[in-house]
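The values are calculated or read from the model by the stated rules, or taken from the named source; none is laboratory data. All figures in this text were calculated on a predicted structure; none of them were measured in a lab. Here the Cβ positions follow ideal geometry from the backbone for every residue, glycine too, while neighbour counts run over all protein chains shown. Surface accessibility is based on the protein's heavy atoms, side chains included, excluding ligands, DNA and RNA. Shrake-Rupley method; radii C 1.70, N 1.55, O 1.52, S 1.80 Å.
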Amino acid sequence: MHIYVDSFHCFKKLKDMVTFFSLFPIYTFILPFLCLTVILYLSYVIVEQFQQRPKGVAGPPTYPIIGCLIPFYKNRYRLLDWYTHLLSKSSTQTIVIERLGARRTIVTANPYNVEYMLKTNFDNFPKGKPFNEILGDFLGNGIFNVDGEMWYKQRKMVSHEFTARSLRDYVVNALKEEVESKLLPILELMEAENRAFDLQDLFRRLGFDVVCKVSLGFDPCCINESLSFSPLLDAFERASQICAERGAAPISFVWKVKRWLNIGSEKQLKLAIDQIHSSIDDIIRERKIKIRDESQQETNKDLLSKMILAENFDEEEVRDMVISFIMAGRDTTSAAMTWFFYLLSLHPEIENELVSKELRFIETETLTKYEILKDMNFLKSCLCETMRLYPPVAWDSKHAISDDILPDGTRIKAGNRVTYFPYGMGRMENLWGKDRFEFKPRRWMQESGEEGTEQVSNLYKFPVFQAGPRVCLGKELAFIQMKYVVASILKRFQIRPACSDPPVFLPLLTAHMAGGFKVFVHKTKYN
């Protein structure tokens, strides 16, 4: 009975609704729908016709409010190649990126713009607060994360030490010990067992041991026969990766909230930084105690000891500077050497020329001599060509203090991010010619004149080590390290990939091969 009554009332309500709507013509429902469709279509047409891009300024399609968010999102996993393509189509090799949630960014592959940023108007293009925020927790007030007087104070002290012969000799001796007693025995073992291994990981361990020795006078022993887990190395890797993710985040608000709540990746970053700070603080305290004995001062040739003896910095400043040194030297040389051996495996004719003409007749005992290493011009050309195609730092950004105009006419507003782009610069036809994608070390040698004479390259065409006042102080030491390691290996072994799949270039704080570089090692016929 109750069911019948309820059904009757429902039927009556439905009948009343039909009667009500029948009083209105059907077009009263269709008309709003058609109007909405027309409005959406016209909005799309207007957006397409009136993009928010000043006349003559190159870049991706940019729309009101959202900017280039849509094409940026579509290309988020291939930004390097996307930017390179856009730059190659630009008449000035400069593009402007404006998207919702990010500051206006100018990306350039124009050497005149790079020189203007890094030298001519250096004071207007510091790293800036946005950069300091991303790396501040990790690098603190170290030389690579500060501007102004604090940067100048550290730079003055460090530049003096990096030009001293004592540091150069100390680096070469540290290299010799690490290569002869650790690296080469591991390669011998891998060759004997015909075992594939990750060459990138091996180079990163070697680089970490060397830079810790030079910076701290401490050997973490990351490169050993078992290639066992190293807590300190792992902490550096986690910290640098998470900081790189901060920089790549579409909206910084997300990671800042995570940091405030101490959750997720930001919690992992804090734990990694705490471990790094604790370890280095302990080393600093122990070194200070040791240095109190005046008889030990002559043996303290590492950078940490020199900074303590200088007495110009407090303990926190010393720690931050050391962390910056380790970050600068940890992955850059290892990344360059990894890509070098990959490219050499694709070009055995260049490997044969390098070994037979420049390395074969050099006695192993003389490799530690600075003059011998310095004269290896073809090897340096091979390394430069490697870094042209696969720069250890794919891009670097500054932030304008005030409005400015770049040499190519691009207008800069105060607060804009201005990025110079070594990865894209190495792929510009107007800079390197139609064979720009090819591995040709000879492009670094003079076309005329004495064979083997290194060409003086435009620093702003090849800003892999920056240029101007912030030019990398360790540039020459980096080449010495790479030359010694590469020559020591090539005189004994051939490196061949374990897989034919092309590697992927992954830009983080320093770029590397995604997933590592699995290789086999074989003894050379000269061995």
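With respect to the conditions (1) more than 24 Å from K288 (Cβ to Cβ); (2) without any contact (Cβ under 8 Å) to a residue 40 or more places away in the chain; (3) among the charged types (D, E, K, R); (4) touching a Pro at 6+ places or on another chain (Cβ under 9 Å), E225 lacks only one, and its number is (2). I'd like the full set of residues that are on the phi < 0 side of the Ramachandran plot, out of contact with any Pro (no Cβ under 9 Å at 6 or more places or on another chain), open to solvent by 30 Å² or more (accessible area, probe 1.4 Å) and not aliphatic (A, V, I, L, M), limited to the range 394-418. Within the range 394-418, S402, D403, P407, D408, K413 qualify.
This table checks each residue for (1) in contact with a helix residue (DSSP H, G or I) (Cβ under 6 Å, 6 or more places away or on another chain); (2) closer than 30 Å to E429 by Cβ; (3) among the small types (G, A, S).
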site: K301; (1), (2), (3): yes, no, no
site: D314; (1), (2), (3): no, no, no
site: V322; (1), (2), (3): yes, no, no
site: M327; (1), (2), (3): no, no, no
site: A335; (1), (2), (3): no, yes, yes
site: E349; (1), (2), (3): no, yes, no
site: E363; (1), (2), (3): no, no, no
site: Y390; (1), (2), (3): yes, yes, no
site: W395; (1), (2), (3): no, yes, no
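The conditions of being at pLDDT below 85, of a type outside the set (D, E, K, R) and out of contact with any strand residue (DSSP E or B) (no Cβ under 9 Å at 6 or more places or on another chain) are not met by F340. If you take the residues of the range 216-252 that are charged (D, E, K, R) and in a loop (DSSP other than H, G, I, E, B), which of them is farthest from E178 (Cα to Cα)? Residue satisfying both the conditions and the ranking: E225.
For every residue, the table says whether it meets (1) touching a strand residue (DSSP E or B) at 6+ places or on another chain (Cβ under 7 Å); (2) open to solvent by less than 70 Å² (accessible area, probe 1.4 Å).
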position	(1), (2)
K127	yes, yes
F131	yes, yes
G140	no, yes
M150	no, no
K153	no, no
F162	no, yes
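Pairing each residue of the range 173-198 that is assigned to a helix (DSSP H, G or I) with any residue that is of a type in the set (A, V, I, L, M) and surrounded by fewer than 19 Cβ atoms within 10 Å (Cβ to Cβ), provided the two are 6+ apart or on different chains, yields C-beta distances under 9 Å for I186/L227; M190/A196.
Identify the residue in the range 363-393 that is open to solvent by 30 Å² or more (accessible area, probe 1.4 Å), modelled with pLDDT under 90 and not acidic (D, E) and, among all such residues, is nearest to L508 (Cα to Cα). The residue in question is K374.
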